[in-house]
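Before any comments, here is the structure.
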Amino acid sequence: MDNNSHPTTTPVCVSQRTAWQVRSAAEHLAAIEHQLDIEHSDALSNHGVWVVVTRLRLGLAEDRVRADLLQYNERIKVKSLPDGREQVTPTDPGEDQMEAYPAFVSFFDARLREAIDEERSSSSEEASEQEGIVRRAMSRVVAEHLPKVSRGVAAAAFHPILHLGLGLESCLPTAVSEGLAYLYARSWKAHDTFEVTVTLASDKDTSRLSTAFLKTLRGWCASAAADGSLLSQLQAATKKGRFTKRALAGMAQKCLLEQRVDCYLPVLGTPGTGATAGTQKLESSAAMLQPVASEVRRVLEEDLDELFLFTAAALAVSKGEFFVLHGLTSLWSVRATIIHVPDAAPEVCLDLMASWLRAYFAAYVAQGLPGAAKLLEVIDCFVQHDIKGAAAIVREGVGETASGEDPWELSFNEALAQEDEHVLKAYWMLIEMQGKYASSDPKADDILLDCARFISKNGLHFAEYATELSRA
């Protein structure tokens, strides 16, 4: 884990800020990280930009954030990127191209500057309204490369897509540059060979993409829980009760990233679209999807919100398992990427979502299905659109809500005091999503809060295989 030993002794009030409100401070501090490598000791990912963004967006003063960042960098002892490095245009993502990472960053730095200059020269916006210019430029560059890097997002424990999503949501071109370079330098695209089919259903069909995903996930998890040979394989690949990246890479090649994914899109019914119901393989679905591209995007964004809520429930019932947390944070970044790159083709967005689902399953199985019995109950509730039932399962697992204090504020101070940067990252995402579900079901916010409360108070843990599987 990446720790941050800067506990707070004086309670701090949560003061949520937008990306643009903190952009000046975020750019200044992120520039420090931009001179450093994206990985440190034994291929662990550098979380420095997360130290910056989460603290600034939650209301901490810039001086405090700078102190935390410098302390973090000193502790992980990350190396600086070389000066005067060349630019190399990435062509194909691979799992072992980290030597080229500095040159990839130089390429994307230059490409993003060029895109920003082009947007600025063609825009009539005032200087005080430059956020749109920067966001359009970042979106253009990402849209150019997303088709190549949308598959294989399990690599480096999801951190490349995490970085990209953070940069897009936070309007930080340096983080977008790092995320794209990292996606090319660390990718499991070569192993992500599963087949994806896309079905355009009639408007009378009430199936949803998120429902189909969750049913698929449920089937895989139930099968894996009953598969003794898979358990033996996983146990053989463990080291001191936790999986290694190399072990997961080996398993990915064998079985975990090869199962079929079906995407159901109930988006027809709009007169004049020219779209026809049917099923096709993803790689040949562009013509079928294009007439309803805007409707597909609407469906995807709704389903991403529901899937994020599910990952929060799964994290809670796993009792804060480390890689189940990465499923939540990586889905947040997939969501941010799709939302902030409106020109991404529907089939590319679907490919990214399907790759995330496979990666989530791989990490979840590799960790021994933590909390599997409760997870299957939660999935059943979501499939039936029973958010109240899912919230009750989560509440039972984490205990009653705190009384007498604002529970979000209490959890914020507990998360700040945790010696793990991942906790505050997840807390920030959970509180950012608070209120988004109120119109559909207020119990959804209970799931987010209970998840935040548990990980902030208790931290994270690594699942142990035999124990967890025996509970499934």
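From the C-alpha coordinates alone, can you work out the Kirkwood hydrodynamic radius of the stretch 13-157, in Å?
Value: 17.2 Å, from the Cα pair sum.
Based on the mean of other Cβ atoms within 10 Å per residue, sort peptides 304-311, 147-154, 288-295, 388-395 so the most packed one is first.
Order by mean packing, descending: 147-154, 304-311, 388-395, 288-295.
Quick one: length gained pulling residue 301 to residue 70 fully straight, 0.36 nm per residue minus the C-alpha distance?
79.5 nm is the gain from fully extending residue 301 to residue 70.
How much accessible area per residue does the stretch 65-105 have, counting only protein heavy atoms and a probe of 1.4 Å, in square angstrom?
On a per-residue basis, 60 Å².
Using a Förster distance of 22 Å, how high is the FRET efficiency between residue 118 and residue 28, based on the Cβ-Cβ distance and rounded to 0.05?
Numbers: r = 25 Å, r/R0 = 1.12.
With a Förster radius of 22 Å, E is 0.35.
Starting from 0 in steps of 10 Å, tell me what percent of the Cα-Cα pairs of the stretch 309-454 lands in each bin.
Pair shares across the bins are 11, 39, 38, 11, 1.
Can you compute the FRET efficiency between residue 13 and residue 294 using 1/(1 + (r/R0)^6), with r the Cβ-Cβ distance and R0 = 51 Å? Round to the nearest 0.05.
Working: r = 40 Å, r/R0 = 0.79.
E between residue 13 and residue 294, to the nearest 0.05, is 0.80.
Rounded to the nearest 0.05, what FRET efficiency do residue 20 and residue 226 have when you use their Cβ-Cβ distance and R0 = 51 Å?
After rounding, the FRET efficiency stands at 0.55.
On a 23 Å Cα-Cα criterion, which of the cross-link pairs 77/457; 374/443; 319/443 come out too long? Intermediate values should be presented prior to the final figure.
Working: 77/457 28 Å; 374/443 18 Å; 319/443 20 Å.
Cα-Cα > 23 Å for 77/457; rest within.
Leaving out ligands, DNA and RNA, and with a 1.4 Å probe, what % of the accessible surface on the stretch 301-402 is carbon or sulfur? Could you put the intermediate results ahead of the total?
Details: 1150 of 2320 Å².
Of all accessible area on the stretch 301-402, carbon and sulfur atoms account for 50 percent.
Residue separation times 0.36 nm, minus the C-alpha to C-alpha distance between residue 89 and residue 110: what's the value?
Extra length from residue 89 to residue 110 when fully extended: 6.5 nm.
Quick one: pull the percent of accessible area on the stretch 8-142 belonging to carbon and sulfur, 1.4 Å probe, ligands and nucleic acids left out.
Carbon and sulfur atoms account for 48 percent of the accessible area of the stretch 8-142.
Could you name the aspartates and glutamates in cross-link range of residue 281, using Cα to Cα under 12 Å and dropping any fewer than eight places away on the same chain?
195, 262, 347, 351
Compute for the stretch 149-213: radius of gyration divided by Kirkwood radius, i.e. Rg/Rh, restricted to C-alpha atoms, rounded to two decimals.
1.14
Can you compute the modelled spin-label distance between residue 409 and residue 281, with each label point 7 Å from Cα toward Cβ, in nm?
Between residue 409 and residue 281, the label points sit 5.8 nm apart.
Using amide H atoms built 1.01 Å from N in the peptide plane, name the residues 5+ places from residue 36, or on other chains, whose amide H lies under 5 Å from its own.
81
The values are calculated or read from the model by the stated rules, or taken from the named source; none is laboratory data. These numbers were taken from a predicted model, which means no experiment stands behind them. A quick note on method: Cβ atoms are made from the backbone with ideal geometry, for glycine too, and the neighbour counts reach across all protein chains shown. Protein only, heavy atoms only, side chains kept; ligands, DNA and RNA dropped before computing areas. Shrake-Rupley method; radii C 1.70, N 1.55, O 1.52, S 1.80 Å.
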